[in-house]
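Notes to accompany the following structure.
Every read-out reported here was derived from the displayed coordinates using simple, explicitly stated rules and does not represent laboratory data. Because the structure is predicted, anything quoted here is derived from the model rather than measured. Using ideal geometry, Cβ is built from the backbone for each residue, glycine included, and neighbour counts are taken over all protein chains shown.
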Amino acid sequence: MAKTLINEHDLLEWLNTQLAGSDGCDGCRFTSVQRHEPDSDGCNWSPHNLQCSGVPSDVCLPAANQAAAMARQKFNLK
């Protein structure tokens, strides 16, 4: 399956929309991604920073990991 090329802003927006839909993650958001050479899955980025306010980050970590995993299958950075 070919990945959609997307810019960093749109990728962060997509990730944060997914995260916002998760229970208890209202104050959490991805603030950056890190570009790198394509890995074994062909993905050229990784989530770099998750920021939470009002809740411990470990509360939202499972939802954040799930959103990132879905996005890594769908998107590559332009």
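Remarks
- Taken about its Cα centre, segment 4-77 carries a charge dipole of roughly 40 debye when the Cβ of each Lys and Arg holds +1 and the Cβ of each Asp and Glu holds -1.
- Applying a 4.7 Å cutoff between beta carbons, the unpaired cysteines of the chain are Cys43.
- Selection from Gln51, Gln34, Ala2 lying farthest towards where the dipole of the chain points positive, charges on Cβ: Ala2
- Beta bridges assigned by DSSP with both partners in segment 4-77 are antiparallel in approximately 70 percent of cases.
- The chain: C-alpha gyration tensor shape, a/c 1.5 cut-off, then a/b vs b/c: prolate
- A helix-only calculation puts the chain at -13000 deg cm²/dmol for mean residue ellipticity at 222 nm, using -39500 (n - 2.57) for each DSSP H run of at least four residues, averaged over all residues.
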